[in-house]
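Derivation of every value follows stated rules applied to the coordinates shown; laboratory data play no part. All values reported here derive from a predicted model rather than from experimental measurement. Quick reminder, even Gly has a Cβ in these numbers, built from the backbone with ideal geometry, and neighbours come from all protein chains shown.
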């Protein structure tokens, strides 16, 4: 599986770009999964629901299932936060995993950078940032700068960087 990340400060547009990239990449024939890292405490469950009560009672893992989806929740209790590679190993195989966050992990990343956010550029200090997507023209970088609003160009870059072929071209040529 290929792994590529999007990093940037809060408000930079990472999630918007990621959400726009997924249909662009899947339309090209790729299977895509995502992983989002957060520094905040989060809960996808609600007090009073059976699955919440299972966890509150001490279950280490609780799986919720239906005919449409399933989710596995793991309580870390006294464990440390798992490494990104350990989490990826638990995911089903796909062509590409897009990672939002995990700034300090050593995977290839694209920084989503808006000067208007007023934060420093991560690419200036992180050699794993292989490109920057921005809403402004940026000068003096040692990596490509892409228009963050040109989703097709961003997808082209990610696919080329990861060595992924556009499977939709093969399908359309094969149908002719």
Q: Note down the nm distance, to one decimal, between modelled labels 7 Å out along Cα→Cβ at residue 27 and at residue 50.
A: 4.1
Q. If you build a Gaussian network model of the chain, linking Cα atoms that sit under 10 Å apart, which residue out of 76, 141, 17 swings the most?
A. 76
Q. Of 48, 58, 67, which is the most mobile in a GNM of the chain whose springs link Cα atoms less than 10 angstrom apart?
A. 67
Q) Taking a spot 7 Å from the Cα of residue 167 along the direction of its beta carbon, which residues of the stretch 70-109 have an amide N less than 17 Å from it? A) 92-98
Q. So which residue, out of 109, 49, 36, gets the largest mean-square fluctuation from a GNM of the chain using Cα contacts under 10 Å as springs?
A. 49
Q | Net length gained if the chain between residue 103 and residue 160 were fully extended (0.36 nm per residue, minus Cα distance) | A | 18.4 nm
Q. Please report, for the Cα atoms of the stretch 1-60, the Rg to one decimal and the Dmax as a whole number; what are they, in angstrom?
A. 16.5, 45
Q. Ratio of Rg to Rh for the chain, alpha carbon only, Kirkwood?
A. 1.02
Q | For the stretch 80-176, average projected area of the Cα convex hull in nm² | A | 8.7
Q) By how many nm would the segment from residue 94 to residue 43 lengthen if fully extended, with 0.36 nm per residue of separation less the alpha-carbon distance? A) 15.8 nm
Q: Output the Kirkwood hydrodynamic radius of the stretch 1-105, Cα pairs only, in Å rounded to one decimal.
A: 15.9
Q. How do 71, 137, 154 line up, fewest other C-beta atoms within 10 Å first?
A. 137, 71, 154
Q. Looking at the P(r) of the stretch 98-146, how many percent of alpha-carbon pairs lie beyond 12 Å?
A. 60
Q. What is the stretch 62-169's relative contact order, in percent, from Cα pairs under 8 angstrom and six or more apart in sequence?
A. 14
Q) If the chain between residue 72 and residue 128 were fully stretched, how many nm would it gain, using 0.36 nm times the residue separation less the Cα-Cα distance? A) 17.1 nm
Q: Go through 127-135, 85-93 and give me the packing order, highest mean Cβ count within 10 Å leading.
A: 127-135, 85-93
Q) Relative contact order, percent, of the stretch 1-120 when contacts are C-alpha pairs under 8 Å separated by at least 6 residues? A) 54
